[in-house]
Amino acid sequence: MEYRNLSPQLAAMLNGIAEERVSRSLLPGMDYIPASGKLMCAKDLLAGVEAVLDGWLTGGRFNREFESRLARESGSLRALSVNSGSSANLLAVATLASPKLGDRALKPGDEIITVASGFPTTVNPILQYRCVPVLCDVQIPNYNINTVQLKKALSPKTKAIMLAHTLGNPFDLDAVMALAKEHQLWVIEDNCDALGAKFGGKRTGSIGHIGTCSFYPAHHITMGEGGAVLINDPELIRIAESLRDWGRDCWCETGHDNTCGRRFSGQHGKLPFGYDHKYVYSERGYNFKITDIQAAIGLSQLDSLDAFIQKRRENHAYLRKTVSETLDDVFICDSVNPAAEPAWFGFTLTLREAYAGRRHALLQYLENEKKVGSRLLFAGNILKQPAYLDMPHRVVGGLENTDRVMTDTFWVGIWPGLEREHLDYIAASIASFFGR
C-alpha cells in the first residue's frame, strides 16, 4: 500500500495510538467473550487515516486496488465493492432482473430456490423483485440445502437458485451447478459468511454466476460496513456496474469524464441527440458505493485474510475436538462435504433429541453467568418470523430439520481474536451447564 500523506514522524505517532487501541486481549471469566468480532492491527487503522488525508473520500485509488485484488484472490473476473453484504445480495438479484437479459431475466412471479433456514437478506431481494422463494429444508449437521430436494423444487417457473454457504461451510456446489446447467438456471452464491472457503479447489463466490461478500465487523475481514459482488460474465459485470452507480449508462470512473470519447454524440432512448452521457440512465439503479476510507481498511485487512482463515480453522478443529470428547452424547457437531474447505464463521451445535428444548436455558446460563456469547442460526425458520408470516412462497416437502434448527441449534465464536484459553473456557462453560 502506497502512503503519500504520512511522514515517518506522523506515522510513528499514529502507530502508537493505533497499537494501544488494538492491543487489549480478553480475559476468560472476566471479560465477555463475543461470538464474533473483528481483529485489526495498527496498519489497518493507518490505512484509513491515509485515505482520509487524501481528502478524496469517495471511491478512489484504494477502492480500485481493493476491487482488483479481491477479484484476483477470489478467482473472479470482477469484484464490485458495495456498502454491505445485504446490498450485494440485492444487487445480485437486480442484475439478473435487468431487461437487458431478455428472456433470461428474472421477472415477477418467477421462482428462486433457497432454504427456509438462513439470514433474511438472502430471501429479501427475491421478494423485493416480486419473485417467489421456493423453500427447501436443510441437512443437519452441515446446515446447507438438502440436495435431494433440489429436483423436487423445480417447476416451469423456476429461474434461479440463491443459497448461502452456511457459517462458512460450503453447500454442495457440484449438485447445485449440475442442476443449474441442466435447466439453465442462474446461481447466486451468498458468500457473506464464507470468504476464502473453497469447493473442489475453487474459491466459493466464484463458481456460480454471481457471488456476494460482506465486510461487516463479524466477518472474515472488515471495513466496518461494506460488501462486494463477484462476477465472471462480462455482460453481468456491465449491468451490475450500472445498477450500483445509480443506473447510469456511462462507465467513467468517479472524477473522470468522456472516457468513451462520445460523451455528447449519442442517441439514447427518446432524449435529445447528444444528451450528456454522464446523465443517461439505462437501469433503475441504486447508489451502493463505499468510501475510499473503507476500501483502504479493507485492502489492508486482505493482507491478513489467509491467516484469519487458518486461525478460524484451527479454532474450529480444537473446539470441536474438545466438545466431542466431553459432550458427544449431548450435541451434534457440524460436518463438511468431502469437496469443501470451509472458512468457518462459527462453531455450530445442535442438541441431541434427549436434550431437546434446553437451548434457551443453556444460552441464558452462558450469557449471564459465564459471559460467553452465542448466536442462533439466524432466522431459524423464516416462515415463523413476524415479517414473513404472509410472504408469497412455496415449500418443498417438510421443514423438519429447519424447525429443529429453530429450536435446538446455536453457535459460539471461533474468530481469530480467540485463543485456546478462550476456547477451553467456552467448552468448560457449556460442560458445566450439564454437570460435566
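Could you run through the stretch 129-139 and say how many residues are assigned to a strand (DSSP E or B) and either farther than 25 Å from residue 219 by Cα or among the polar types (S, T, N, Q) (or both)? I'd like the intermediate steps shown before the answer.
Keep residues of the stretch 129-139 that are assigned to a strand (DSSP E or B), which gives 132-136, 138.
Keeping just the survivors that are either farther than 25 Å from residue 219 by Cα or among the polar types (S, T, N, Q) (or both) gives 132-136.
Matching residues across the stretch 129-139 total 5.
Out of all the residues in the stretch 326-371, which are small (Gly, Ala, Ser) and under 19 Å from the mean Cα position of the chain (by Cα)?
Taking the stretch 326-371 as the starting set, the residues that turn out to be small (Gly, Ala, Ser) are 335, 339-340, 343, 346, 354, 356-357, 361.
The answer is 340, 343, 346.
Evaluate the stretch 372-387: report whether one residue or more is closer than 27 Å to residue 148 by Cβ and basic (Lys, Arg). Yes - at least one qualifying residue is present in the stretch 372-387.
Sub-8 Å Cβ pairs linking a first residue in the stretch 99-124 that is closer than 18 Å to residue 210 by Cβ to a second residue that is among the aromatic types (Phe, Trp, Tyr) and part of a helix (DSSP H, G or I), at least 6 apart or interchain, are 123/388, ordered by first then second residue.
Listed residues 87, 25, 68; which is closer than 23 Å to residue 309 by Cβ and under 23 Å from the mean Cα position of the chain (by Cα)? Show your work before the answer.
Values: 87 fails: closer than 23 Å to residue 309 by Cβ; 25 fails: under 23 Å from the mean Cα position of the chain (by Cα).
Among 87, 25, 68, only 68 is closer than 23 Å to residue 309 by Cβ and under 23 Å from the mean Cα position of the chain (by Cα).
Annotation note: Cβ proximity below 6 Å between a residue of the stretch 344-360 that is assigned by TED's automatic domain parsing to the domain that holds residue 402 and a residue that is among the acidic types (Asp, Glu) and crowded, with 16+ Cβ neighbours inside 10 Å (sequence gap 6+ or interchain) occurs for 345/193; 348/334; 350/408; 351/408; 356/408; 359/408.
With the structure loaded, tell me whether residue 79 is over 30 Å from residue 427 (Cβ atoms), assigned to a helix (DSSP H, G or I) and of a type outside the set (Asp, Glu) or whether it fails that test.
Details: over 30 Å from residue 427 (Cβ atoms): yes; assigned to a helix (DSSP H, G or I): no; of a type outside the set (Asp, Glu): yes.
No.
Only one entry in 73, 19, 50 is without any contact (Cβ under 8 Å) to a residue 60 or more places away in the chain and of a type in the set (D, E, K, R), namely 19.
Quick check: is even one residue across the stretch 41-50 at pLDDT 95 or above and over 23 Å from residue 195 (Cα atoms)? No, the conditions are met nowhere in the stretch 41-50. If only residues of the stretch 267-325 that are hydroxyl-bearing (Ser, Thr, Tyr) and assigned to a helix (DSSP H, G or I) are counted, the one that is farthest from residue 412 (Cα to Cα) is 279. Number of residues in the stretch 24-56 that are touching an Asp or Glu at 6+ places or on another chain (Cβ under 6 Å) and in a loop (DSSP other than H, G, I, E, B): the value is 1.
Has the stretch 372-389 got any residue that is within 21 Å of the chain's Cα centre (by Cα), of a type in the set (Ser, Thr, Tyr), outside any loop (DSSP other than H, G, I, E, B) and surrounded by 18 or more Cβ atoms within 10 Å (Cβ to Cβ)? Looking for residues that are within 21 Å of the chain's Cα centre (by Cα), of a type in the set (Ser, Thr, Tyr), outside any loop (DSSP other than H, G, I, E, B) and surrounded by 18 or more Cβ atoms within 10 Å (Cβ to Cβ), one finds none in the stretch 372-389, hence no.
Can you confirm whether residue 236 is over 20 Å from residue 75 (Cα atoms) and hydrophobic (A, V, I, L, M, F, W, C)? No. When the stretch 210-243 is filtered for residues that are surrounded by fewer than 24 Cβ atoms within 10 Å (Cβ to Cβ) and either over 24 Å from residue 35 (Cβ atoms) or aromatic (Phe, Trp, Tyr) (or both), the ones remaining, listed by number, are 216, 232, 233, 234, 235, 236, 237, 238, 241, 242.
Within the stretch 362-371, track down each residue that is outside any loop (DSSP other than H, G, I, E, B) and touching a Phe, Trp or Tyr at 6+ places or on another chain (Cβ under 8 Å).
Just the residues of the stretch 362-371 that are outside any loop (DSSP other than H, G, I, E, B), to begin with: 362-368.
Answer for the stretch 362-371, where residues must be outside any loop (DSSP other than H, G, I, E, B) and touching a Phe, Trp or Tyr at 6+ places or on another chain (Cβ under 8 Å): 362, 363, 365, 366.
Residues of the stretch 403-424 that are surrounded by 18 or more Cβ atoms within 10 Å (Cβ to Cβ) and either of a type in the set (A, V, I, L, M, F, W, C) or touching a strand residue (DSSP E or B) at 6+ places or on another chain (Cβ under 6 Å) (or both): 405, 406, 408, 409, 410, 411, 412, 414, 415, 418, 422, 423.
Given 210, 239, 221, which one is touching a Leu at 6+ places or on another chain (Cβ under 6 Å) and in the same structural domain as residue 87 (by TED's automatic domain parsing)? Working first, answer last.
Values: 210 fails: touching a Leu at 6+ places or on another chain (Cβ under 6 Å); 239 fails: touching a Leu at 6+ places or on another chain (Cβ under 6 Å).
Going through 210, 239, 221 in turn, just one is touching a Leu at 6+ places or on another chain (Cβ under 6 Å) and in the same structural domain as residue 87 (by TED's automatic domain parsing): 221.
Scan 264, 199, 215 and give me the residue that is closer than 21 Å to residue 294 by Cα and of a type in the set (Phe, Trp, Tyr). Show your work before the answer.
Values: 264 fails: closer than 21 Å to residue 294 by Cα; 199 fails: closer than 21 Å to residue 294 by Cα.
The unique qualifying residue is 215.
Within the stretch 280-324, the set of residues being without any contact (Cβ under 8 Å) to a residue 60 or more places away in the chain and out of contact with any Asp or Glu (no Cβ under 9 Å at 6 or more places or on another chain) comprises 284, 310, 314, 317, 321, 324.
When 4, 72, 21 are screened for being at pLDDT 80 or above and in a helix (DSSP H, G or I), only 72 passes.
So which of 207, 161, 126, 188 ends up being under 13 Å from the mean Cα position of the chain (by Cα), buried (at least 21 other Cβ atoms within 10 Å of the Cβ) and either at negative phi or in a loop (DSSP other than H, G, I, E, B) (or both)? Don't jump to the end; show me each part of the working.
On the way: 207 fails: under 13 Å from the mean Cα position of the chain (by Cα); 161 fails: under 13 Å from the mean Cα position of the chain (by Cα); 126 fails: under 13 Å from the mean Cα position of the chain (by Cα).
So the residue among 207, 161, 126, 188 that is under 13 Å from the mean Cα position of the chain (by Cα), buried (at least 21 other Cβ atoms within 10 Å of the Cβ) and either at negative phi or in a loop (DSSP other than H, G, I, E, B) (or both) is 188.
Check the stretch 256-269 and report whether any residue there is touching a strand residue (DSSP E or B) at 6+ places or on another chain (Cβ under 9 Å), within 18 Å of residue 58 (Cβ to Cβ), assigned by TED's automatic domain parsing to the domain that holds residue 291 and not hydroxyl-bearing (Ser, Thr, Tyr). For the stretch 256-269, residues touching a strand residue (DSSP E or B) at 6+ places or on another chain (Cβ under 9 Å), within 18 Å of residue 58 (Cβ to Cβ), assigned by TED's automatic domain parsing to the domain that holds residue 291 and not hydroxyl-bearing (Ser, Thr, Tyr): absent.
The values are calculated or read from the model by the stated rules, or taken from the named source; none is laboratory data. Since this is a predicted model, take the numbers as computed values, not measurements. Here the Cβ is made from the backbone with ideal geometry for all residues, glycine too, and neighbour counts use every protein chain on show.
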